[in-house]
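Enquirer: Before we start, here is the structure in question, set down as structure tokens.
Values in this text are rule-based calculations from the coordinates and carry no lab data. Just so we're clear, the structure is a prediction, and the values are computed from it rather than from any experiment.
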Amino acid sequence: MKTIGQKEFIVLMAMLMSFVALAIDAMLPALGQIGISLNVQNNNDIQLIISSIFLGMGFGLMIFGPLSDSYGRKPAIYGGIIIFIFGCIISYYSQTFEVMLLGRAFQGLGAASSRVITLAMIRDKYEGNAMAKIMSLIMIIFILVPAIAPSIGQAILIFGEWRYIFGFMGSLAAIGLAWFFVRQPETLKPEYRQPFRFSNILIGIKETVKNKTARSFTISSGLIFSSFVGYLSSSQQILQVQYGLGDMFSIYFGVLALSIGMASFANSRWVMKYGMLNLCIRSLKVLSSAAFIFIMVTYFFKGHPPLPMLMSYLMITFFCLGLLFGNFNALAVQPLGHIAGVANSVISSSQTLISVILGGTVGFFYNGTVFPMIIGFLIFGLCSLYLTVRISKAQKAIERAKS
């Protein structure tokens, strides 16, 4: 099969990576309608539509990486996208809330394949500066998805009911699957394939848990991702309902998502100057300080600060998150380079599962004010800062001992 061009490869990989963000963010404007349609009694329960996809993704991230190392990148992607489409079909035809959540879990499980295997395919084809360039171009496209996905969902709701959003996602996934099947050759050479053994995953789990540095950064990143999941879970209730934004919700959500994109761009420049660890510590200090200050502001306004103030605070917070996400992942996998593939799956899966539990808890505490969300950012930010600073001091002590 003829190798596709670099531009087509970039667009295809960005499309596959975007399934997770699309499946989460496109649904946000429809959460209220889904709750009414499926007779959800407790408004906070509707947040499970968001957290359940992370639950499925947490397990998927653990298995799809090793599967692709054994059977090739393409078969693993095929299986993942088919599972994702199956999840979309279940959610489309769901008549009860429980069936809806089952479909969402399948979507997360399937979408995990695209998230983890596309990175492996890029590593198969490129290395060094060429890989960094390709990743930067892919991320430019990828970052736009969370910004526009709610608007896509909102536009679909203008012409039809919420079920059509699942129809759109399933159709887009089918197009991506067909494009991938026809145009993209296998990137993993047969001689590099490894037998699939659950023992390899267990080894990765044991080494990640035993390695103090990897363990601390995995927990730290899981805590930070928890605060973000807490926001995602309650964002529709806060912005669309509490602040009465209605159809404008997607615009405000998109602006906040772009803050993470700007941070990712800035990180590519700052990381060489300040280093990953120092940049994480500074970001956590800003994030925690901003949360502490804004809690007092929120208390003054009885849990409902003016929207411009809330947006300003969240833009600062999201910029910090954008700096933290990528750097924490790199720091966690850094001491496990000899098992980087399995370790990356274990670390990503652990982060996701931690965020489902803690972030979902923050969402369930939503009480018509922004207090639970801000408190979540503060507590998780401080805990992550404590772990990161402790690791930094330990590493400096080791360096002094060596010198």
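Enquirer: How high is the relative contact order of region 1-183, in percent, counting Cα pairs under 8 Å that sit 6 or more residues apart?
Expert: Details: 240 pairs, mean separation 66.6, N = 183.
That works out to 36 percent.
Enquirer: On to the next question. What length, rounded to one decimal in nm, is gained on full extension from Asp124 through to Leu307, with 0.36 nm per residue of separation minus their alpha-carbon distance?
Expert: That pair, Asp124 and Leu307, stretches by 61.3 nm at full extension.
Enquirer: Applying the Karplus parametrisation 6.51 cos²θ - 1.76 cosθ + 1.60 with θ = phi - 60° to the phi angles of region 20-34, what ³J(HN,Hα) value in whole Hz is obtained for each residue in order, glycine and proline being reported as x?
Expert: With the stated coefficients, region 20-34 comes to 5, 4, 5, 5, 8, 7, 5, 7, 4, x, 9, 4, x, 5, 5 Hz.
Enquirer: Which lysines, if any, have their Cα less than 17 Å from the Cα of Lys285, not counting same-chain residues under 8 positions apart?
Expert: Lys393
Enquirer: Same structure again: Looking at (1) 60, 55, 39; (2) 101, 45, 39; (3) 60, 56, 36, which value of Cα extents along the principal axes in Å comes from a calculation on the structure shown?
Expert: It is the value labelled (3).
Enquirer: Straight-line reach from Lys74: which lysines fall under 21 Å, measuring Cα to Cα and dropping same-chain residues less than 8 apart?
Expert: Result set, ordered by chain and number: Lys2, Lys7, Lys125, Lys189.
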